[in-house]
Each structure stands twice: as structure tokens, then as C-alpha cells.
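Read the figures in this text as sums done on the coordinates, not as results from a lab. Just so it is clear, the structure is predicted and the values come from calculations on it, not from any experiment. Neighbour counts are summed over all protein chains in view; Cβ atoms, including those assigned to glycine, are modelled from backbone coordinates with ideal geometry.
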Amino acid sequence: MPFLILYLMSLYTVAVVGRPNVGKSTLFNRLIGERKAIVDDVSGVTRDRQYGESEWNGKHFHVIDTGGYVANGDDVFEKEIRQQVEIAIREASVILFVVDVTSGVMGLDEEFASLLHRSRKPVILVVNKVDNSRRQIDGVEFYSLGFEHVHFISSLSGSGTGDLLDAVTSHMTEPTDELITELPKIAIVGQPNAGKSSILNALVGEERNIVSEIPGTTRDSIHTHYNLYGKDFILIDTAGLRKKRAEKEDIEFYSTIRAVKAIEEADVCMLMVDATKGLTSQDVNIFSLATRKGKGIIILMNKWDLVEKETMTSKKLEEEIKKKIAPFTDVPILFISATEKVRIHKAIEETLAIFDRRQNRIATSKLNDIMLKEILNYPAPMYRGNTVTIKFISQLPVVVPSFTFFCNHPDEVKDPYKNFLENKLRAHFNFSGVPIRLFFRQK
């Protein structure tokens, strides 16, 4: 039997909560450094859930913006928001409870405070809109809510947010489990009901996850240490990623967050696709997300045993897939059946090969010997009558394979020629399934 250990994800999540119209979305935008949430003076604007990424003091974490909490509202949206907030509180590592100094302590603030005290989660009370000394004095009344950690800020101007982030990150410790950080981490991703849990169960030989025809059965990310047949790695099974308009249950949004976290944590992603449906636009979105983050990727067309071969051959389907994922088409595509255990071990072998290729480091002398000859045979187009000359190439010491081309006019190397250089790198050094990045600098 394989040696199995289950792990909870060790990534941190910060939830921004509070009653309507206290400035939660403005604070959310401030924390993630971009205008992602809709900001409006009309209460209740945030009905959908927003999440983003932030980094402070070298620590990376996710931030969730929630809708305004109303304790006993009858409006259908208020009920949904209330459920979303309660889930956010359960899921969060740290909670930012936002109140408005201009309105003082209100009944909804007190009700919310009571809910947070019962949660036993780390809570930081954030008194917002404190942009002068008078409001600082007015904010003292919020100590009556009974929270030890209180910060006075103005999310609009950014005043006090640095100290707030110091307090947030003080609750975060670095993961200490060396096993997870050293072994290859493979995330099984895809839409609900594509067969993610089935392939995990087939690999480990047990019903480790519940397998159901109901989409969205897996709502948490589960880490399984696989050690069998000379293979040693961490498998991460995730909740299915689905389009937002299809997220009928509040908990599915947080499952999506966990799936995105799993992609970020992984070295290689196994994209499970239902072969009976083909590669959909949502599958392409998941593919694009993984490649944008520089993760290795393999596409597994699952349920191939259910496809009528008279109407669709693997070659024809592969051609259609590559058209949809262009321009990054140097990706292994395997046709498998998780339930019938067809080619699943081949899938693992190829996935681990992608992991190895992602670690590939090319000697500078070899890189220049090969690539400069290709450039000499097919030079870059001229710029205003001047030759664009690439003189030297080096690989950067980063996780995602990245190459710097030093030349006299770096801004004039256009996409078609960049694609040519990438294709030659792939042809000579085998980066199949691995995104690579090209940079152009003036020497």
C-alpha cells in the first residue's frame, strides 16, 4: 500500500468583514494594491465575493472582501451576504472587522462583534475613515466592542495601513513541514465532475475522497503524500473551478479560492478535462491561470472510454485542443480513464517529467552556442534601417525558466520574433509542458 499523509493547506487568508458602507472594499483595494472591488457610497454594493493577493514583510496571503453584514434582514441578497460572511469567518486565518468612525458604534457593529467573539479567530478591529486628530479621539468609543487589537486608519488615503499590515502578518508563521516544500507538488485541477477525485483514488488505491456524480463534491484541497513504485510526491486534489455565475452555493466561492491557492502552491498542474464535453472555455481559463503563474501543466482528457471513437479520434481532438490553447501549445495531452485506470500511471510519469524539465538549467556557453547560431540564420527584423543585434543570452536564477536576451534595441523585438526564439528554445532544450519567459535588455 502507498504511504499516505493528509495535510491541510498552510496558506493564510485574511477576511475583511463589517456592516454595510464602512469602507471594506476601499480597504480591500488598498491591501491588494489595485482597484478590484467596486467602491460606491450606496450600501450593499458588494454582493459578490472578491479575493486578491497581498504581500507584506515577505509574507504572501489572500484577502477576501465580503458584502455588508446585516444580522436579521429579509432581503434575499442580505441573506446570501450573511451566509457568505459567516463562511468567510470560518475560513479566515485573520479577520479584519471594519467599522466607521463617522457614524460611531451602531447596533449592527455590536451584533457583529458578538458573532466574532464567538468565532475564537484572531480579530483586528479596524476603525476606518480616521483622517484627522479629532476623529482619532472619536474612535476611542470602539474599544467598547471588546477587542484587544484596534487600529485607526484611513483606507482612502492609506494612513495607518502599514501598521495594520504589520499586525496582520504577525499572526502568520512560515510553514515548518519540510516534506511539503521539498517534494514535487502536483495539483489536480479542473471543472467539477471532470474526474479529479477519481484519479486520486485510482492512484492511491483507496476511496480517499468521496466520488460523486454531483458537481462540487470536493470542497477542500487535500494533500496526499504518494510514495509507491519509486515515485515520491505530493498530490493536491482541489474543488472544481467553475464560472462565477454557476456558483449557486456560497461555499463554492471559497472552494474556488482554495483551488486557486492550490495552483499557486503547485509545481505542476494536471488539468482534468471531461473528454465527453471537450475542452471548454472554462478549461482554457484554468489552463491560462496555471500558465500565467508559471506552473508546469499537462492536459488529461478523462472519460476517454465513454467517447464514440467513430465521431472523434484522439488526433482530431488534440488538434482542436491546441487551437484553443494557442500560442502555448507545447503541452503533453493524454487520453485517460480514471475509473478504468487507463494510462493514469503514464500521466504521473509525464507529470514528473514536466517537473524535472521545469528545473532545467542550461549552461550559458551551451545556450549561446546554440541560440546565437539560430539568430544568425534568422535575424530579428530591422528597426528604422538599423539591425537589431542580439549579442548574449543568459538564463535567470528563478523558478520559472526565464531567459534574458541582451541586444541593442530591446524595445523593438516584436512578438513574432519572440515566438520564434521561444520555439527554438523549446526545440533544442525540451520544455514541453513548461511555460518559459523571455526578457530583452540593453547590454
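The packing ranking, built from the mean of other Cβ atoms within 10 Å per residue, places the peptides 411-424, 346-359, 310-323 in the order 346-359, 411-424, 310-323, highest first. The calculated FRET efficiency for the pair S103 and S288, based on their C-beta separation and a Förster distance of 45 Å, comes to about 0.55.
What is the sum of charges around I153, taking Lys and Arg as +1, Asp and Glu as -1, for the other residues whose C-beta is under 15 Å from the C-beta of I153?
With Lys, Arg at +1 and Asp, Glu at -1, the net is -1.
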